[in-house]
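A.B. asks: Before we start, here is the structure in question, set down as C-alpha coordinates.
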Amino acid sequence: MSQTRTIVIECLRFHPETDEAPYYQSYEVPFTEEMSVLEGLQYIKDHLDGTLTFRWSCRMAICGSCGCMVNDEPVLSCQTFLRDYHPARIRVEPLAHFPILRDLAIDQTDFLAKLESVHPYLIPSTGDDPGDQPRHQTPDQVQDYLGYAQCINCLLCYAACPQYGLNDAFTGPAALALLHRYNADSRDAGKDQRMEVINAEEGVWGCTLVGECSEVCPKHVDPARAINQNKIASTQDYFLRFLKPRGRR
Amino acid sequence: MNQPRTYTRGMQRWWLRRPSYRFYLLREGTSVVIALYGLFLLAGMAALAVGPGAFETWRGLLFSPLSWLLHLVVLAAFTFHAWTWFKVLPLTVPPVKTRRFPRGFTDATLNRVALWAWGVVSLVILVAAMRGLQ
(Lines give C-alpha, C1' and ligand atoms only; values in the text may rest on other atoms or scores of the structure.)
Protein backbone atom coordinates (compact mmCIF):
# COMPACT_ATOMS: atom_id res chain seq x y z
CA MET A 1 0.00 0.00 0.00
CA SER A 2 1.34 3.39 -0.96
CA GLN A 3 2.39 5.93 1.63
CA THR A 4 -0.05 8.61 2.75
CA ARG A 5 1.09 12.23 2.61
CA THR A 6 -0.79 15.49 3.16
CA ILE A 7 -1.40 18.30 0.67
CA VAL A 8 -3.20 21.60 1.10
CA ILE A 9 -6.00 22.13 -1.42
CA GLU A 10 -7.15 25.71 -1.69
CA CYS A 11 -10.65 25.87 -3.21
CA LEU A 12 -12.54 28.84 -4.55
CA ARG A 13 -15.87 28.93 -2.72
CA PHE A 14 -19.04 30.75 -3.73
CA HIS A 15 -22.57 30.14 -2.55
CA PRO A 16 -24.97 32.56 -4.25
CA GLU A 17 -27.40 32.57 -1.28
CA THR A 18 -24.84 33.72 1.25
CA ASP A 19 -21.72 35.06 -0.48
CA GLU A 20 -21.36 38.45 -2.16
CA ALA A 21 -18.15 37.33 -3.88
CA PRO A 22 -16.02 34.18 -4.07
CA TYR A 23 -13.31 33.50 -1.49
CA TYR A 24 -10.67 30.83 -0.94
CA GLN A 25 -10.88 28.06 1.62
CA SER A 26 -8.01 25.68 2.41
CA TYR A 27 -8.26 22.01 3.32
CA GLU A 28 -5.55 19.61 4.44
CA VAL A 29 -6.08 16.44 2.49
CA PRO A 30 -4.27 13.14 3.08
CA PHE A 31 -3.44 11.51 -0.24
CA THR A 32 -1.75 8.48 -1.72
CA GLU A 33 0.36 8.21 -4.87
CA GLU A 34 -2.54 7.32 -7.17
CA MET A 35 -5.04 9.97 -5.99
CA SER A 36 -6.30 12.51 -8.49
CA VAL A 37 -7.33 16.10 -7.74
CA LEU A 38 -10.94 14.91 -8.16
CA GLU A 39 -10.41 12.27 -5.47
CA GLY A 40 -8.92 14.99 -3.28
CA LEU A 41 -12.11 17.03 -3.74
CA GLN A 42 -14.21 13.96 -3.00
CA TYR A 43 -12.21 13.43 0.21
CA ILE A 44 -13.03 17.02 1.22
CA LYS A 45 -16.74 16.50 0.49
CA ASP A 46 -16.89 13.15 2.34
CA HIS A 47 -14.72 13.94 5.36
CA LEU A 48 -14.08 17.67 5.78
CA ASP A 49 -16.80 19.85 4.27
CA GLY A 50 -19.99 18.45 2.76
CA THR A 51 -20.96 21.85 1.35
CA LEU A 52 -18.24 21.86 -1.33
CA THR A 53 -19.88 21.61 -4.76
CA PHE A 54 -18.20 20.28 -7.90
CA ARG A 55 -19.20 18.27 -10.97
CA TRP A 56 -17.90 14.84 -11.83
CA SER A 57 -19.09 11.58 -13.31
CA CYS A 58 -16.91 9.03 -15.07
CA ARG A 59 -13.51 9.54 -13.36
CA MET A 60 -11.76 8.47 -16.59
CA ALA A 61 -11.55 11.53 -18.83
CA ILE A 62 -14.53 10.60 -20.96
CA CYS A 63 -17.51 12.52 -19.60
CA GLY A 64 -15.92 15.98 -19.55
CA SER A 65 -17.70 17.01 -16.33
CA CYS A 66 -14.82 17.61 -13.92
CA GLY A 67 -12.95 20.41 -15.71
CA CYS A 68 -11.54 23.04 -13.37
CA MET A 69 -8.56 25.35 -12.99
CA VAL A 70 -5.65 23.87 -11.05
CA ASN A 71 -3.01 26.54 -10.41
CA ASP A 72 -4.48 28.61 -13.30
CA GLU A 73 -4.28 25.67 -15.72
CA PRO A 74 -7.56 24.30 -17.15
CA VAL A 75 -7.50 20.55 -16.52
CA LEU A 76 -9.77 17.56 -16.02
CA SER A 77 -9.42 16.99 -12.27
CA CYS A 78 -9.78 13.22 -12.78
CA GLN A 79 -6.55 12.96 -14.75
CA THR A 80 -4.54 15.46 -12.74
CA PHE A 81 -2.63 13.93 -9.83
CA LEU A 82 -1.98 15.37 -6.41
CA ARG A 83 1.51 13.78 -6.31
CA ASP A 84 2.63 16.11 -9.13
CA TYR A 85 2.03 19.19 -6.94
CA HIS A 86 3.16 17.94 -3.51
CA PRO A 87 4.71 19.40 -1.34
CA ALA A 88 3.37 22.73 -2.69
CA ARG A 89 -0.29 23.53 -2.08
CA ILE A 90 -2.68 23.53 -5.03
CA ARG A 91 -5.33 26.07 -5.90
CA VAL A 92 -8.52 24.69 -7.42
CA GLU A 93 -10.95 27.13 -9.06
CA PRO A 94 -13.96 26.83 -11.37
CA LEU A 95 -13.20 27.04 -15.10
CA ALA A 96 -12.14 30.56 -16.03
CA HIS A 97 -14.31 32.86 -18.21
CA PHE A 98 -17.62 31.24 -17.17
CA PRO A 99 -20.13 32.53 -14.63
CA ILE A 100 -19.75 30.65 -11.33
CA LEU A 101 -22.97 28.94 -10.23
CA ARG A 102 -21.69 27.48 -6.97
CA ASP A 103 -18.15 26.71 -5.79
CA LEU A 104 -16.47 24.83 -8.67
CA ALA A 105 -19.60 24.44 -10.79
CA ILE A 106 -19.92 26.87 -13.71
CA ASP A 107 -22.91 27.90 -15.80
CA GLN A 108 -22.65 26.24 -19.25
CA THR A 109 -25.78 27.83 -20.74
CA ASP A 110 -23.82 30.09 -23.10
CA PHE A 111 -21.80 27.20 -24.51
CA LEU A 112 -24.85 25.01 -25.00
CA ALA A 113 -26.53 27.76 -27.05
CA LYS A 114 -23.41 28.09 -29.18
CA LEU A 115 -23.17 24.34 -29.63
CA GLU A 116 -26.74 24.34 -30.92
CA SER A 117 -26.00 27.22 -33.30
CA VAL A 118 -23.42 25.22 -35.30
CA HIS A 119 -25.92 22.45 -36.23
CA PRO A 120 -23.77 19.70 -34.65
CA TYR A 121 -25.33 16.77 -36.50
CA LEU A 122 -25.17 15.26 -39.97
CA ILE A 123 -27.36 17.06 -42.47
CA PRO A 124 -27.67 14.76 -45.50
CA SER A 125 -28.48 16.21 -48.90
CA THR A 126 -32.08 15.91 -50.01
CA GLY A 127 -32.77 12.64 -51.76
CA ASP A 128 -29.72 11.06 -50.16
CA ASP A 129 -31.34 8.15 -48.32
CA PRO A 130 -29.39 4.89 -48.28
CA GLY A 131 -32.43 3.06 -46.88
CA ASP A 132 -31.36 0.20 -44.67
CA GLN A 133 -27.88 0.14 -46.24
CA PRO A 134 -24.90 1.60 -44.37
CA ARG A 135 -23.21 4.73 -45.69
CA HIS A 136 -19.71 3.96 -46.91
CA GLN A 137 -16.65 6.03 -46.14
CA THR A 138 -13.03 5.44 -47.06
CA PRO A 139 -10.43 5.47 -44.23
CA ASP A 140 -9.19 8.81 -45.63
CA GLN A 141 -12.69 10.30 -45.41
CA VAL A 142 -12.94 9.13 -41.80
CA GLN A 143 -9.57 10.71 -40.98
CA ASP A 144 -10.89 14.06 -42.24
CA TYR A 145 -13.13 14.44 -39.17
CA LEU A 146 -12.21 11.72 -36.66
CA GLY A 147 -9.85 13.91 -34.62
CA TYR A 148 -12.50 16.64 -34.27
CA ALA A 149 -15.12 14.07 -33.27
CA GLN A 150 -13.22 13.33 -30.04
CA CYS A 151 -14.54 16.46 -28.28
CA ILE A 152 -16.13 15.71 -24.89
CA ASN A 153 -17.47 19.27 -24.33
CA CYS A 154 -15.36 19.67 -21.19
CA LEU A 155 -14.90 23.41 -21.92
CA LEU A 156 -11.20 23.49 -20.99
CA CYS A 157 -10.60 25.22 -24.34
CA TYR A 158 -12.98 28.05 -23.44
CA ALA A 159 -11.24 28.46 -20.09
CA ALA A 160 -7.90 28.71 -21.95
CA CYS A 161 -9.13 31.20 -24.57
CA PRO A 162 -8.56 34.86 -23.59
CA GLN A 163 -10.64 35.98 -26.59
CA TYR A 164 -13.68 34.21 -25.14
CA GLY A 165 -12.90 35.68 -21.72
CA LEU A 166 -12.69 39.20 -23.15
CA ASN A 167 -15.76 38.85 -25.37
CA ASP A 168 -18.13 35.97 -24.72
CA ALA A 169 -19.96 36.62 -28.01
CA PHE A 170 -17.13 34.63 -29.66
CA THR A 171 -18.49 31.23 -30.72
CA GLY A 172 -15.37 29.69 -29.24
CA PRO A 173 -13.06 26.71 -29.80
CA ALA A 174 -15.17 23.61 -29.05
CA ALA A 175 -18.28 24.75 -30.93
CA LEU A 176 -16.23 25.77 -33.99
CA ALA A 177 -14.23 22.52 -33.87
CA LEU A 178 -17.50 20.58 -33.84
CA LEU A 179 -18.79 22.71 -36.69
CA HIS A 180 -15.70 21.71 -38.64
CA ARG A 181 -16.17 18.07 -37.63
CA TYR A 182 -19.52 17.97 -39.46
CA ASN A 183 -18.38 20.12 -42.40
CA ALA A 184 -15.43 17.77 -42.92
CA ASP A 185 -17.67 14.68 -42.98
CA SER A 186 -18.31 13.24 -46.47
CA ARG A 187 -21.86 12.24 -45.41
CA ASP A 188 -22.80 15.83 -44.57
CA ALA A 189 -24.30 18.44 -46.89
CA GLY A 190 -25.00 21.17 -44.33
CA LYS A 191 -22.04 23.47 -45.04
CA ASP A 192 -24.24 26.31 -46.27
CA GLN A 193 -26.26 26.34 -43.06
CA ARG A 194 -23.08 26.60 -40.99
CA MET A 195 -21.36 29.22 -43.17
CA GLU A 196 -23.15 32.09 -41.45
CA VAL A 197 -21.68 31.04 -38.09
CA ILE A 198 -18.19 30.73 -39.60
CA ASN A 199 -18.33 34.09 -41.40
CA ALA A 200 -19.57 36.11 -38.44
CA GLU A 201 -17.30 38.49 -36.57
CA GLU A 202 -17.94 36.22 -33.56
CA GLY A 203 -17.21 33.14 -35.71
CA VAL A 204 -13.76 32.14 -36.87
CA TRP A 205 -12.72 35.81 -37.09
CA GLY A 206 -13.08 36.15 -33.33
CA CYS A 207 -10.01 33.90 -33.06
CA THR A 208 -6.55 35.48 -33.03
CA LEU A 209 -4.70 32.16 -32.80
CA VAL A 210 -3.54 32.33 -29.23
CA GLY A 211 -3.47 28.55 -29.69
CA GLU A 212 -4.00 27.61 -26.05
CA CYS A 213 -7.27 25.76 -26.79
CA SER A 214 -5.31 23.04 -28.58
CA GLU A 215 -2.65 22.95 -25.86
CA VAL A 216 -5.10 22.22 -23.04
CA CYS A 217 -7.47 19.87 -24.92
CA PRO A 218 -7.41 16.50 -23.10
CA LYS A 219 -8.62 14.75 -26.27
CA HIS A 220 -6.15 16.42 -28.68
CA VAL A 221 -9.00 17.80 -30.77
CA ASP A 222 -6.92 20.78 -32.00
CA PRO A 223 -9.66 23.46 -32.23
CA ALA A 224 -7.06 26.05 -33.26
CA ARG A 225 -6.47 24.11 -36.48
CA ALA A 226 -10.19 23.67 -37.14
CA ILE A 227 -10.85 27.38 -36.69
CA ASN A 228 -7.93 28.60 -38.76
CA GLN A 229 -8.67 26.29 -41.66
CA ASN A 230 -12.14 27.78 -41.71
CA LYS A 231 -10.69 31.26 -42.01
CA ILE A 232 -9.54 30.14 -45.46
CA ALA A 233 -13.01 28.68 -46.14
CA SER A 234 -14.61 31.94 -45.01
CA THR A 235 -12.33 34.03 -47.21
CA GLN A 236 -13.09 31.81 -50.22
CA ASP A 237 -16.80 32.08 -49.49
CA TYR A 238 -16.54 35.88 -49.31
CA PHE A 239 -14.95 36.19 -52.74
CA LEU A 240 -16.77 33.34 -54.47
CA ARG A 241 -20.23 34.73 -53.69
CA PHE A 242 -19.51 37.61 -56.09
CA LEU A 243 -19.21 35.03 -58.86
CA LYS A 244 -22.40 33.18 -57.98
CA PRO A 245 -25.60 34.10 -59.82
CA ARG A 246 -27.98 36.43 -58.01
CA GLY A 247 -30.40 34.82 -55.59
CA ARG A 248 -27.98 32.02 -54.77
CA ARG A 249 -25.92 34.05 -52.29
CA MET B 1 -37.95 29.16 -12.54
CA ASN B 2 -35.73 31.93 -11.23
CA GLN B 3 -32.27 32.09 -12.71
CA PRO B 4 -29.70 31.51 -9.94
CA ARG B 5 -27.39 34.41 -9.19
CA THR B 6 -23.98 33.76 -10.70
CA TYR B 7 -20.60 35.44 -10.23
CA THR B 8 -18.35 36.24 -13.19
CA ARG B 9 -14.73 36.98 -12.50
CA GLY B 10 -13.11 39.69 -14.61
CA MET B 11 -10.19 39.56 -17.01
CA GLN B 12 -7.98 41.94 -15.03
CA ARG B 13 -4.33 41.38 -15.95
CA TRP B 14 -5.22 38.20 -17.84
CA TRP B 15 -1.82 38.13 -19.54
CA LEU B 16 -0.19 37.37 -16.18
CA ARG B 17 -2.11 34.12 -15.84
CA ARG B 18 -0.13 32.03 -18.31
CA PRO B 19 3.35 32.49 -19.88
CA SER B 20 1.86 31.52 -23.26
CA TYR B 21 -0.45 34.57 -23.09
CA ARG B 22 2.59 36.84 -22.74
CA PHE B 23 4.28 35.05 -25.64
CA TYR B 24 1.13 35.62 -27.70
CA LEU B 25 1.07 39.33 -26.85
CA LEU B 26 4.75 39.63 -27.74
CA ARG B 27 4.02 37.90 -31.08
CA GLU B 28 1.15 40.27 -31.86
CA GLY B 29 3.09 43.26 -30.49
CA THR B 30 5.93 42.72 -32.96
CA SER B 31 3.45 43.20 -35.80
CA VAL B 32 2.98 46.80 -34.58
CA VAL B 33 6.75 47.32 -34.95
CA ILE B 34 6.50 45.93 -38.49
CA ALA B 35 3.61 48.25 -39.33
CA LEU B 36 5.51 51.28 -37.97
CA TYR B 37 8.59 50.35 -40.00
CA GLY B 38 6.37 50.05 -43.06
CA LEU B 39 5.20 53.62 -42.44
CA PHE B 40 8.83 54.72 -42.11
CA LEU B 41 9.67 53.20 -45.51
CA LEU B 42 6.56 54.84 -46.95
CA ALA B 43 7.81 58.18 -45.62
CA GLY B 44 11.05 57.51 -47.53
CA MET B 45 9.10 57.00 -50.75
CA ALA B 46 7.10 60.15 -50.11
CA ALA B 47 10.38 62.03 -49.57
CA LEU B 48 11.65 60.65 -52.87
CA ALA B 49 8.55 62.01 -54.60
CA VAL B 50 9.00 65.42 -52.98
CA GLY B 51 12.55 65.84 -54.26
CA PRO B 52 16.24 65.01 -53.87
CA GLY B 53 16.64 67.33 -50.84
CA ALA B 54 13.85 65.66 -48.88
CA PHE B 55 15.13 62.21 -49.76
CA GLU B 56 18.66 63.06 -48.61
CA THR B 57 17.23 64.30 -45.29
CA TRP B 58 15.32 61.02 -44.88
CA ARG B 59 18.45 59.05 -45.83
CA GLY B 60 20.48 61.08 -43.36
CA LEU B 61 18.18 59.85 -40.58
CA LEU B 62 19.30 56.28 -41.33
CA PHE B 63 22.90 56.87 -40.33
CA SER B 64 22.46 58.20 -36.81
CA PRO B 65 23.52 55.87 -33.93
CA LEU B 66 19.90 55.87 -32.72
CA SER B 67 18.82 54.65 -36.15
CA TRP B 68 21.34 51.79 -36.00
CA LEU B 69 20.02 50.80 -32.60
CA LEU B 70 16.37 51.00 -33.73
CA HIS B 71 17.17 48.98 -36.83
CA LEU B 72 18.64 46.22 -34.67
CA VAL B 73 15.46 46.22 -32.56
CA VAL B 74 13.30 46.16 -35.70
CA LEU B 75 15.37 43.31 -37.15
CA ALA B 76 14.88 41.31 -33.95
CA ALA B 77 11.13 42.03 -34.03
CA PHE B 78 10.90 41.01 -37.71
CA THR B 79 12.83 37.78 -37.15
CA PHE B 80 10.74 36.85 -34.09
CA HIS B 81 7.50 37.66 -35.89
CA ALA B 82 8.45 35.67 -38.98
CA TRP B 83 9.59 32.73 -36.85
CA THR B 84 6.27 32.62 -34.94
CA TRP B 85 4.33 33.17 -38.19
CA PHE B 86 5.89 30.07 -39.73
CA LYS B 87 5.30 28.20 -36.49
CA VAL B 88 1.51 28.65 -36.74
CA LEU B 89 1.48 28.28 -40.54
CA PRO B 90 0.78 24.49 -40.50
CA LEU B 91 -2.47 25.14 -38.61
CA THR B 92 -3.85 27.08 -41.56
CA VAL B 93 -2.99 24.56 -44.28
CA PRO B 94 -5.94 22.32 -45.15
CA PRO B 95 -5.17 18.59 -44.67
CA VAL B 96 -6.36 17.99 -48.23
CA LYS B 97 -3.14 19.61 -49.36
CA THR B 98 -0.83 17.88 -46.91
CA ARG B 99 -2.19 14.42 -47.66
CA ARG B 100 -0.65 14.53 -51.12
CA PHE B 101 2.75 14.70 -49.43
CA PRO B 102 4.52 11.47 -48.38
CA ARG B 103 3.66 9.84 -45.04
CA GLY B 104 5.48 11.36 -42.13
CA PHE B 105 5.15 14.88 -43.53
CA THR B 106 4.18 16.51 -40.24
CA ASP B 107 3.56 20.05 -39.04
CA ALA B 108 7.21 20.17 -37.98
CA THR B 109 8.35 19.22 -41.50
CA LEU B 110 6.10 21.84 -43.07
CA ASN B 111 7.39 24.40 -40.60
CA ARG B 112 11.02 23.54 -41.43
CA VAL B 113 10.44 23.60 -45.20
CA ALA B 114 8.72 26.99 -44.93
CA LEU B 115 11.51 28.41 -42.73
CA TRP B 116 14.17 27.25 -45.20
CA ALA B 117 12.25 28.66 -48.17
CA TRP B 118 11.89 31.95 -46.30
CA GLY B 119 15.62 32.00 -45.50
CA VAL B 120 16.63 31.30 -49.11
CA VAL B 121 14.22 33.88 -50.59
CA SER B 122 15.37 36.48 -48.04
CA LEU B 123 19.00 35.80 -48.95
CA VAL B 124 18.28 36.13 -52.68
CA ILE B 125 16.49 39.46 -52.11
CA LEU B 126 19.31 40.68 -49.87
CA VAL B 127 22.00 39.80 -52.47
CA ALA B 128 19.96 41.38 -55.27
CA ALA B 129 19.44 44.56 -53.19
CA MET B 130 23.14 44.77 -52.31
CA ARG B 131 24.04 44.46 -56.00
CA GLY B 132 21.55 47.15 -56.87
CA LEU B 133 23.15 49.50 -54.35
CA GLN B 134 26.60 49.13 -55.91
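A.B. asks: Work out the length of the dipole vector of region A:5-106 about its Cα centre, built from +1 on the beta-carbon of each Lys and Arg and -1 on the beta-carbon of each Asp and Glu, and round it to the nearest 20 debye.
C.D. replies: 180
A.B. asks: Right, another one. Total Å² of accessible surface buried at the A-B contact, 1.4 Å probe, nearest 100?
C.D. replies: Roughly 2600 Å² of accessible surface disappears when A and B pair.
A.B. asks: Select from region A:207-248 all residues whose loss of accessible area on going from the chain by itself to the full protein assembly reaches 20 Å² or more (probe 1.4 Å).
C.D. replies: A:208, A:209, A:210, A:212, A:225, A:228, A:229, A:232
A.B. asks: Once the Cβ-Cβ distance between residue B:3 and residue B:41 is put in as r, and R0 is 51 Å, what FRET efficiency do you end up with, to the nearest 0.05?
C.D. replies: E(calc), rounded to 0.05, equals 0.35.
A.B. asks: Also: Round to a whole angstrom and tell me the spacing of the C-alpha centers of region B:7-35 and region A:161-201.
C.D. replies: 24
A.B. asks: For residue B:87, which aspartates and glutamates qualify as cross-link partners when the Cα separation must be under 16 Å and same-chain residues fewer than eight apart are set aside?
C.D. replies: Those aspartates and glutamates meeting the cut-off are A:212, A:215, A:222, B:28, B:107.
A.B. asks: About its Cα centre, what dipole magnitude does the protein assembly as shown give when the only charges are +1 on Lys and Arg Cβ and -1 on Asp and Glu Cβ, stated in debye to the nearest 20?
C.D. replies: The dipole of the protein assembly as shown has a size of about 1460 debye.
A.B. asks: Here's a follow-up. Tell me, what % of the accessible area of region A:5-106 is carbon and sulfur with a 1.4 angstrom probe?
C.D. replies: Carbon and sulfur atoms account for 48 percent of the accessible area of region A:5-106.
A.B. asks: If you don't mind, another one. Per residue, how much accessible surface does the protein assembly as shown expose to a 1.4 Å probe? Answer in Å², no decimals.
C.D. replies: Accessible area per residue: 59 Å².
A.B. asks: May I pose another question? Rounded to the nearest 500, what is chain B's calculated 222 nm mean residue ellipticity when only DSSP H runs of at least 4 contribute -39500 (n - 2.57) each, over all residues?
C.D. replies: -26000 deg cm²/dmol
A.B. asks: Right, something else. Among B:57, B:72, B:45, whose Cα lies farthest out toward the positive end of the dipole of region B:12-118, if unit charges sit on the beta carbon of Lys, Arg (+1) and Asp, Glu (-1)?
C.D. replies: B:72
A.B. asks: Here is a further query. Can you give the alpha-carbon Rg of region A:109-240 over 2.2 N^0.38 Å, where N counts its residues?
C.D. replies: For region A:109-240, the normalised Cα radius of gyration is 1.05.
A.B. asks: Going from most exposed to least, what order do A:176, A:146, B:110 have by accessible area with a 1.4 Å probe?
C.D. replies: My answer, sorted largest first, is A:146, B:110, A:176.
A.B. asks: Using only DSSP helix segments of four residues or longer, with each worth -39500 (n - 2.57), what per-residue ellipticity at 222 nm results for chain A after dividing by its residue count and rounding to 500?
C.D. replies: For chain A, the value works out to -8500 deg cm²/dmol.
A.B. asks: Student exercise: in chain A, how many lysine pairs 8 or more apart or on different chains have Cα atoms under 25 Å apart?
C.D. replies: 8
The values are calculated or read from the model by the stated rules, or taken from the named source; none is laboratory data. Treat the numbers as computed from the prediction; the structure is a model and nothing was measured. Don't worry about glycine lacking a Cβ; one is built from the backbone with ideal geometry, like all the others, and counts go over all protein chains shown. Side chains included, ligands, DNA and RNA excluded: accessible areas come from the protein's heavy atoms. Shrake-Rupley method; radii C 1.70, N 1.55, O 1.52, S 1.80 Å.
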